[in-house]
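This report concerns only the one structure given below.
The values are calculated or read from the model by the stated rules, or taken from the named source; none is laboratory data. What you see is a predicted model, and the numbers here were worked out from it, not measured in a lab. A quick note on method: Cβ atoms are made from the backbone with ideal geometry, for glycine too, and the neighbour counts reach across all protein chains shown. Heavy atoms of the whole protein, side chains included, go into the accessibility calculation; ligands, DNA and RNA do not. Shrake-Rupley method; radii C 1.70, N 1.55, O 1.52, S 1.80 Å.
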Amino acid sequence: MSTIVTKTRDPRTGNDREGAAERPVTAPRPGSLRRITAVGALWRALTGSATLLWAAVVVIPVYWLVITSLRSRADFTAGSPLALPGHPTLDNYRTVLAGDFTTYLLNSVIVTAATVVIAVVVALMASFAIVRNAGSRLSRVSFRLYLLGLAIPLQAVIIPVYLLIIRMNLYDSLLAIVLPSAAFALPITVMILVSFLRDVPRSLFEAMIVDGAGDWRMLISLAAPLARPALMTVAVYDGLQVWNGFLFPLILTQSGDKAVLPLALTLYRGQFGIDVPATMAAVVLSTLPMLALFTLARRQLVAGLTAGFSK
Amino acid sequence: MAAPALLLFGLFGLVPLVGVVALSLARWDGLGSVGWAGVANWSAVLTDGATWQALWLTVKVMVISWLVQTPVALALGHFQAPRGRLRALFAVLFFLPLLLSAVAIGLTWQALLDPSFGIGATPGLHWLAKPLLGSPDLALYTVIFVIAWQFVPFHALLYQAGIRQIPTVLYEAAALDGAGPATRFRRITLPQLKYTMVTSSTLMLVGSLTYFDLIFVLSGGTGGPGTATRVLPLSMYITGFQAHDMGRASAVAALLVVFGLGLSLLTTRLSGFTRMDSQQEGM
């Protein structure tokens, strides 16, 4: 049986599969849905206008953010906020890039990459163990522990984590962000990988056992390649979370040269003060890598956000 | 094979869960050594009006956020569920807030809502030129709105995915029986979305305990004006990392843990997340 996550790369259903978590048997056929759309024109008009309204609410601030970052300070204080800048300038971007932006960017890249690699590899091993020993008590208990983890707010445990990091002599290092971030990425990563792996047909594993393969062999040459779409999904999802993470960097690092981008943005606010256009340029720059990732992996990202949660 | 994950999660997830209770009984300024305090922190926290105000604000943010976000997300998800070019475009637009960090969102909205230079300076939008974040009466609602701005798209995606999973035959049968769109929505879509709704609500409710970053940035780290937006996590941060009273802050944090676990136990029980079997059966 196909899983929620494999569906997203299913070549049969054409484009626009974002969040398409339907099952093969029950997948709505586009034709029949369109007929229903015609019948429910009024209803659609209602939700349609709500959608338009919300689209404006979403788009206007983003539009404002971009055009403000292109304004000079004089233009910012004098011009109409939503009008296009009279003399668009990249000076704000030059100002930001002339500072320590590249340091912050590099820190964010290192922290995000390291966290994602650790979380995904470790979670894959755990998920494989949980699925392979699905009947055992230990497997059930550990799975429940990760589910419990979904409910722990980061803020609630930050003080003991802070104490641990100090005692491990990791305070004010990038590793201090990586380890807790990876740990807190595990619950959702394990949950999605388990829901994927448990739908891999048992016969495939049994065939490998007959061939004399051990657990590691099965993990590396069967589970990992089969789970690739799910792995991509969780990697992108975890990456987004860590890239945008603020609390761990705020509390577990201190020096400017260890700051990651979200923390750096608050430093910019202090540094630029009233110079809103420069701060907005920093905001835009800090978001560009995620925008690039989104353009490359939109399907994976949307699947990651909905897989396992839907139903 | 399960060991590395359990070790990592145990060390930074489960040990701190116990640790926060232990630290709530300790005296610690965050730098020096940790001493024993007994129940002093607890009695201080529980008799402090500020704690109850923070708790009340947290509940308020949680409930209003749920009331605002659920219908909007449901309507958006319902609109986006059928496939089409225009809807795909909307899906991309709605995704933008999910790419921005809470800090980026906070800084943007803070500047955008500035009474002098923000959106209120636009001709025709002068009614927005109010101290929306600076007024004790309005700040909390403004924060709730910005939270919705950030999270509605995510929940709309959940509902969209949920609606796409509903078997078309149900609608076809209902249409044959003469059911109109509103009836079909009420009798088929809503009941079939039960689990999606529970999931979305769980994430929303538990998530609202973590609305820290955004409020931190929007209020300049104070939970202000005054204490108008000082929700529980922010109160914990201020007590611990600004007033250097980690013991008291831990007691506040323990309240958060109890709150979070209680909420999720309740909702996972309803949603059946803990089933080990595939979620695909039973339809």
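The count of lysine pairs in the protein assembly as shown with alpha-carbon distances below 29 Å, taking only pairs 8 or more places apart or on different chains, stands at 6.
Debye-formula intensities of the range A:194-311, expressed as log10 I(q)/I(0) at q = 0.11, 0.16, 0.19 Å⁻¹, are -0.58, -0.88, -1.03 (one equal scatterer per alpha-carbon, no solvent).
Dipole check for chain B: with +1 at the C-beta of Lys and Arg, -1 at the C-beta of Asp and Glu, and the Cα centre as origin, the magnitude is about 620 Debye. Shielding by partners for peptide B:68-79, expressed as the average number of C-beta atoms from other protein chains within 10 Å of each residue's C-beta, is 4.
Against the criterion of solvent-accessible heavy-atom surface with a 1.4 angstrom probe, B:Glu172, A:Glu206 sort, most first, into A:Glu206, B:Glu172. Summing Cβ point charges (Lys, Arg +1; Asp, Glu -1) relative to the Cα centre of the protein assembly as shown gives a dipole of roughly 1660 debye. Our note on the geometry: Cα centres of the range B:192-252 and the range A:87-132, 24 Å apart. A cut-off of 5 Å between modelled amide H atoms, ignoring neighbours fewer than 5 places along the same chain, links B:Ala26 with B:Ala37.
Residue by residue along A:88-98, Cβ atoms of other protein chains within 10 Å of the local Cβ number 0 on average. In degrees between 0 and 90, to the nearest 10, how far off the longest principal axis of chain B does helix B:194-207 point, with axes built from Cα atoms? Roughly 20 degrees, rounded to the nearest 10. Taking θ as phi - 60° and the Karplus parameters 6.51, -1.76 and 1.60, the scalar couplings of the range A:84-101 work out to 5, x, x, 10, x, 9, 9, 3, 4, 5, 4, 4, 5, 5, 6, x, 8, 3 Hz in sequence order, x denoting glycine and proline. Remark: relative contact order (chain B) = 28 percent; criterion is Cα-Cα distance under 8 angstrom and separation of 6 or more residues. Coupling constants for the range A:210-227 follow from the phi torsions by the Karplus curve (6.51 cos²θ - 1.76 cosθ + 1.60, θ = phi - 60°), and in residue order they are 4, 6, x, 7, x, 4, 4, 4, 5, 5, 6, 9, 10, 5, 4, x, 5, 8 Hz; glycine and proline get x. For n ≥ 4 DSSP H runs only, could you compute -39500 (n - 2.57) per run for the protein assembly as shown, divide by its residues and tell me the 222 nm figure to the nearest 500? That calculation yields -21000 deg cm²/dmol at 222 nm. Across peptide A:192-203, the mean count of Cβ atoms from other chains lying within 10 Å of each residue's own Cβ comes to 1. Normalised by the number of residues in the range A:154-311, the average gap of Cα pairs under 8 Å and 6 or more apart makes the relative contact order 31 percent.
Its convex hull of Cα atoms gives the range B:50-106 a direction-averaged projected area, equal to a quarter of the hull surface, of 5.1 nm². Listed values for the range B:50-55 are Karplus-derived 3J(HN,Hα) couplings in whole Hz (6.51 cos²θ - 1.76 cosθ + 1.60, θ = phi - 60°), namely 4, 4, 5, 5, 4, 5, and x replaces Gly and Pro.
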